[in-house]
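The values are calculated or read from the model by the stated rules, or taken from the named source; none is laboratory data. These figures come from a predicted structure and were not determined experimentally. We place every Cβ from the backbone using ideal geometry, glycine too, and count neighbours over all the protein chains shown.
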Amino acid sequence: MPIIESLAAATIATAIPPAQMPSSPHVFSMSCKVTAVNGDLATPEGRARAIDWWRKNGFTKLWLETYRHGEHVSSERLAEERDAFRTAGFEVCGMITPTMLNDPPPGAKEPQMVVCWSDPVARERMSVEVARAVRLFDTVILDDFLFSGCGDGCARCAADKTSRGIAGWGEYRRTLMSEVCVHDILQAAKSANPKARLIIKYPCWYRHYAERGYDPARQADLFGECWIGTETRDANPEPLQACWIMAWMDALTGGKCGGGWYDALDSTPEKFVEQAYYTILGGARESLVHCYDYILADDPGRTPFGEKAGSPGACRAAFERESANLRRLADILRGAGRGPFTMGTDGVSTHMFIKDGKQCVVRVNTTGKTVAGLPPHGVRLE
Ligand SMILES: [Zn+2]
């Protein structure tokens, strides 16, 4: 299992081996949840507004969601939007959020958010949605809801665990998730579209992967590619995680981590932009802003656990201010040798690179005050 559970975060950051930064141009992409795909983006006028903003801010790729929280987008609508965005010059892929796939419990109005995967009904719904999505998109990313919250309180999972002779809940959940990945996701996808490429995305909370069913080294082999969440948000006491977790996941999966994903939930505008910088500095080939709904829409849609897109307008404005600088930084670091990154006790992180034989240092001030000449939340390339 991942070595990470027994290691302190600081140990992880210093244990990540040096590596090359991606040699391809960094891709800036944005996801669009079902709310937006069924809403703002369903009209030519709405699409035109979005396209204008994406072009101004360097976005070249979109991920359109087919399903989330019990809500679908029709295949006809997805095809229409996919084709319209491709005509406008964007790369367009699909996305599925595997939530609320069981029937509602007795007396409840809706299913549980986190899926009980021992339920054949939920697994069938998952495979049907995967097959539908890959008929529309060759590449589909899965939002990080494959984990399990079931334990002794779930009679179905408890009985299944006993019948399989598995003692621990962590091992049971990992076994079950691997079955879901193989049978209900990858086989379902290949049957519907032999060219299908599925991507598993991991959440930020790496300490709980093993107990919740995630096993990145093994699963990235099954999928061929994984992504990592760099959505550290305001509450995480260790902001540098948005950087090192990308490099760590890439090392853990033998170079299979294709991109980083962050969002504006529970984030100040400064934290939102800090996540953007750290995703690039950690070596991502692509950074995905999740999502249109939180940044550009009037309606952020439902969030899984009541997180707040508290300042979408401010996060949007912060990104607009930094978008050219983010692209410039990614261009400068393209193909560079990546050395260590460390967080100072003053709240400024230091990132070492070698480009064309010259040392290049990036400093990121994660505090709200001026430190060593760096303005609050400033980024400096030396
Ligand atoms: Zn269960």
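For beta carbons closer than 8 Å, sequence separation of 6+ or different chains, a first residue in the range 112-139 that is at pLDDT 95 or above and among the small types (Gly, Ala, Ser) and a second that is in a helix (DSSP H, G or I) and within 16 Å of the ligand (Cβ to nearest atom), the qualifying pairs are Ser118/Arg156; Ser118/Cys157; Ser118/Asp160; Ser118/Leu176; Ser127/Asp184.
Restricting attention to the range 341-370, the residues being touching a His at 6+ places or on another chain (Cβ under 8 Å), surrounded by fewer than 14 Cβ atoms within 10 Å (Cβ to Cβ) and part of a strand (DSSP E or B) number 1.
This table checks each residue for (1) near the ligand (Cβ under 10 Å from one of its atoms); (2) over 27 Å from Thr35 (Cβ atoms).
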| residue | (1), (2) |
| --- | --- |
| Gly94 | no, no |
| Thr99 | no, no |
| Asp119 | yes, no |
| Leu136 | no, no |
| Gly153 | yes, yes |
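Evaluate the range 257-279: report whether one residue or more is more than 27 Å from Gly313 (Cα to Cα) and not charged (D, E, K, R). Checking the range 257-279: at least one residue is more than 27 Å from Gly313 (Cα to Cα) and not charged (D, E, K, R). Checked against the criterion of being assigned to a loop (DSSP other than H, G, I, E, B) and either among the charged types (D, E, K, R) or in contact with a strand residue (DSSP E or B) (Cβ under 8 Å, 6 or more places away or on another chain) (or both), the range 205-212 contains not a single residue that satisfies it.
Taking the range 322-340 as the range and being touching a residue at least 12 places away in the same chain (Cβ under 8 Å) and assigned to a helix (DSSP H, G or I) as the test, the residues that pass are Glu322, Ser323, Ala324, Asn325, Leu326, Arg327, Leu329, Ala330, Asp331, Ile332, Leu333. Scanning the range 289-337 for residues that are under 13 Å from Lys33 (Cα atoms) and aromatic (Phe, Trp, Tyr) returns Tyr292, Tyr294.
For the range 213-232, residues that are in contact with a helix residue (DSSP H, G or I) (Cβ under 8 Å, 6 or more places away or on another chain), free of Cβ contacts under 8 Å to residues at least 60 places away in the same chain and either in a loop (DSSP other than H, G, I, E, B) or β-branched (Val, Ile, Thr) (or both) total 4.
Within the range 292-309, one or more residues are at pLDDT 95 or above and within 20 Å of Ile141 (Cα to Cα). Looking across Glu231, Glu225, Glu238, one residue alone is among the charged types (D, E, K, R), under 20 Å from the mean Cα position of the chain (by Cα) and crowded, with 23+ Cβ neighbours inside 10 Å. It is Glu231. If we scan the range 277-291, do we find a residue that is out of contact with any helix residue (DSSP H, G or I) (no Cβ under 6 Å at 6 or more places or on another chain) and surrounded by fewer than 16 Cβ atoms within 10 Å (Cβ to Cβ)? No: the range 277-291 contains no residue that is out of contact with any helix residue (DSSP H, G or I) (no Cβ under 6 Å at 6 or more places or on another chain) and surrounded by fewer than 16 Cβ atoms within 10 Å (Cβ to Cβ). Looking at Ala192, Ala251, which is the one that is in contact (Cβ under 8 Å) with a residue 60 or more places away in the chain, among the hydrophobic types (A, V, I, L, M, F, W, C) and over 24 Å from Phe341 (Cα atoms)? So the residue among Ala192, Ala251 that is in contact (Cβ under 8 Å) with a residue 60 or more places away in the chain, among the hydrophobic types (A, V, I, L, M, F, W, C) and over 24 Å from Phe341 (Cα atoms) is Ala192. Within the range 345-358, residues that are touching a residue at least 24 places away in the same chain (Cβ under 8 Å) and at positive phi reach partners that are surrounded by 10 or more Cβ atoms within 10 Å (Cβ to Cβ) and in a loop (DSSP other than H, G, I, E, B) with beta carbons closer than 7 Å, at six or more positions or on different chains, in the pairs Gly347/Thr366; Gly347/Thr367. Among residues of the range 155-183 being within 13 Å of the ligand (Cβ to nearest atom), within 19 Å of Tyr214 (Cα to Cα) and basic (Lys, Arg), the one that is surrounded by the most Cβ atoms within 10 Å (Cβ to Cβ) is Arg173. Here Arg197 does not qualify as within 13 Å of the ligand (Cβ to nearest atom) and in contact (Cβ under 8 Å) with a residue 40 or more places away in the chain. The single residue among Glu91, Glu110, Glu81, Glu129 that is farther than 23 Å from Thr230 by Cβ and surrounded by fewer than 20 Cβ atoms within 10 Å (Cβ to Cβ) turns out to be Glu110. One residue stands out in the range 312-328 among those that are touching a helix residue (DSSP H, G or I) at 6+ places or on another chain (Cβ under 6 Å) and surrounded by fewer than 22 Cβ atoms within 10 Å (Cβ to Cβ): the one that is modelled with the lowest pLDDT, namely Pro312.
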